[in-house]
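A.B. asks: Got a structure here, written out as structure tokens. Questions coming.
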Amino acid sequence: MADSKAKIGPVKYLTQVQQEAKKVVWPTSRETMVTTILVLIMVVLFGVFFFFVDWISANGVTYLLKIGTSTAGSGAGG
């Protein structure tokens, strides 16, 4: 069964790469700046969100452990 893609030489390959590279549309400096700012804003927002989730979780576990240790000694087995 023959391979569907024909093999090409390195010179033709590099020529095709160069032709495709000319078709690339690079973002403007304004687009890059706006996108960078949006990414930084999202990073800060997610950082704050996960900070509070972690803080609430840690305090919740600490609270539950304090309840468990304060009631552990008052059982009927003592």
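The values are calculated or read from the model by the stated rules, or taken from the named source; none is laboratory data. Given the structure is predicted, the values throughout are model-derived calculations rather than measurements. Here Cβ is always computed from backbone atoms with ideal geometry, including for glycine, and neighbour counts include all displayed protein chains.
A.B. asks: Would you mind telling me which numbered condition in (1) modelled with pLDDT of 95 or more; (2) assigned to a helix (DSSP H, G or I) PRO27 fails?
C.D. replies: Unmet for PRO27, out of (1) modelled with pLDDT of 95 or more; (2) assigned to a helix (DSSP H, G or I): (2).
A.B. asks: Right, something else. So which pairs qualify, if the first residue must be in region 9-30 and without any contact (Cβ under 8 Å) to a residue 12 or more places away in the chain, the second must be β-branched (Val, Ile, Thr), the Cβ gap must be under 8 Å, and the two must be at least 6 apart or on different chains?
C.D. replies: Within 8 Å, the pairs are GLN16/ILE8; PRO27/THR35.
A.B. asks: What about THR15, is it exposed (fewer than 10 other Cβ atoms within 10 Å of the Cβ), assigned to a helix (DSSP H, G or I) and among the polar types (S, T, N, Q)?
C.D. replies: No; evaluated as a whole, the condition is false for this residue.
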